[in-house]
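What follows is one structure encoded as structure tokens, with my remarks underneath.
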Amino acid sequence: MFHKYTKEFKYNARLALPVITGMLGHTFVAFADNLMVGRLGTAELAAVSLGNSFVFIAMSLGIGFSTAITPLVAEADGSGNAANAKNALKHGLVLCTVLGLSLFFLILLCRPLMYHMDQPPEVVALALPYMDLVALSLVPLTIFQAFKQFSEGLSQTKYPMYATIIANLLNVLLNYLFIFGTFGFPKLGVVGAAIGTLASRIFMVGFIWYLMKKRKTFKAYVTGFNFRKIEKRVMKKIIALGFPSALQMFFEVGIFTAAIWLSGVLGKNAQAANQIALNLSSMTFMFGMGLGVAAMIRVGNQKGLGDFKELRRIGQSIFFMTFLIEVVFALLFLFGREWFPTLYLSADDLLHGSDNATVLAMAAQLLLVAAFFQISDGIQVVVLGALRGLQDVKIPTAITFVAYWLIGFPISYYLCLHTDLKSTGIWIGLLIGLSASALMLYLRFNFLTTRLIAGRQV
């Protein structure tokens, strides 16, 4: 019965694994940042969390917008239209560059908000200079995303992975040098972590462009651009797909950012515990993100071919694969919830011992809830990828808004501030919001594919 789905696992994994590896590289750097910054104290760890909360909101818009490039390229590749694929890249680069610059200036304008968010003053003082540099790194990051999404649209997922891995190794090295001031480098603390992020992202753009220019597969696509010839039709199509996709990611990242802010109201220890649980959950989420890209590519290809029965079967094979993987992660979180937080903070630290013990206990409670939302989180992001492959973005955007902001966030807010659950209540709200999103998005995919197979327009 399951063979028609499981026989796709090998190809799904081949597409998704480089994407997962690249995304895990980003998360590993955040993990390494947190390990290093955590050695400075809980205030520094909370500052990185607060600074990143602003940047992650902006980043979600940039990354979400860039995903519009992948289904357009995948459909063009499936139908053998190379000119359309190159056009999508050219116009995507222009839009992503403008968006990256806009997001940087938007974060600078939002800096004063930190003083009015009831956050610990020592955390705000540390977070502001960190945030400024990481915000600037959004410009090269969004440009990189245009190249990455294009490459993935051609089913060439390994080249962005190479660029990401090397850039992340550079990031970890620079962080070590500048956070602690080793080998004669200045000791800059959390600002040192921001310098590493900025430098590595600039490198990442240059490296992926160099790789593509040297590869015969890509050379015709990434050279000979005429940026003076910009077509409104192509711009409108990318914006029509990209803007709702950006909102989808914004709504999801936004609720996790709200969790950071809510935990900050409870104090620096609650915020540090939230950061530990969020960082660990982000690592497992990358598997869902990678499989979501595979779903977007494969569904986009089948859409280009017009084979809707195969499209539905392939989509469901990726959903089933995701479910099995996320069950394993749920068990890891369940049984490792006491041990994982000790990677970040030591209860034996004489200087911060009392704070650390409190944070470790809080983080273990949050990971208990996180264990249960692994499945919902993975399923919703993969189904969302499949719907993007179908170029269906408007209804899924409404679904994510309802699930996260009309269902999940009110529950998080109430349980956090009006019950004894506090931080745990925030994560219960996240669990309910993610579960609602997964269910409604799957019903949407089922509805659309049923209509397509029946020969009706959607």
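The values are calculated or read from the model by the stated rules, or taken from the named source; none is laboratory data. What you see is a predicted model, and the numbers here were worked out from it, not measured in a lab. Here the Cβ is made from the backbone with ideal geometry for all residues, glycine too, and neighbour counts use every protein chain on show. To get the accessible areas, we keep the full protein, side chains included, count just its heavy atoms, and leave off ligands, DNA and RNA. Shrake-Rupley method; radii C 1.70, N 1.55, O 1.52, S 1.80 Å.
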Quiz item: Points 7 angstrom from Cα along the Cβ direction at LEU305 and VAL328: gap in nanometres?
Solution: 2.7
Quiz item: How much accessible area per residue does the chain have, in Å², with a 1.4 Å probe?
Solution: 40
Quiz item: Cα-Cα over 29 Å: which of LYS90/LYS394; LYS148/LYS229; LYS216/LYS309; LYS158/LYS232; LYS148/LYS303?
Solution: LYS216/LYS309; LYS158/LYS232
Exercise. Just order 259-265, 382-388, 63-69, 284-290 by mean Cβ neighbour count inside 10 Å, highest at the front, would you?
Key: 382-388, 63-69, 284-290, 259-265
Exercise. Sort CYS416, CYS110 by accessible area with a 1.4 Å probe, largest first.
Key: CYS110, CYS416
Quiz item: LYS10 versus ALA357, label points 7 Å from Cα toward the beta carbon: distance in nm?
Solution: 5.5
Exercise. Using only Cα atoms, find the angle between the long axis of helix 423-453 and the longest principal axis of the chain, and express it within 0 to 90 degrees, rounded to the nearest 10.
Key: 0
Exercise. Enumerate the whole-percent occupancy of each 5 Å bin, from 0 to the last occupied one, for all C-alpha pair distances of the range 213-297.
Key: 3, 10, 11, 14, 14, 13, 11, 9, 7, 5, 2
Quiz item: When the convex hull of the C-alpha atoms of the chain is computed, what volume per residue in Å³ does it have?
Solution: 140
Quiz item: Quick one: length gained pulling HIS418 to ASN84 fully straight, 0.36 nm per residue minus the C-alpha distance?
Solution: 114.9 nm
Self-check item: Net lengthening on full extension, ILE395/ASP118 (0.36 nm per residue, minus Cα-Cα)
Solution: 96.2 nm
Quiz item: Percent of accessible area on the chain owned by carbon and sulfur, 1.4 Å probe?
Solution: 68
Quiz item: If contacts are Cα pairs under 8 angstrom and at least 6 residues apart, what is the relative contact order of the range 1-92 in percent?
Solution: 14
Quiz item: Which is the longest run of the chain containing none of the GluC sites (Glu not before Pro) found in DSSP loop states (not H, G, I, E, B) with at most 14 other C-beta atoms within 10 Å?
Solution: 1-230
Quiz prompt | In nm, spacing of pseudo-spin labels at THR217 and LEU106 (7 Å Cα→C-beta vector) | solution = 3.3
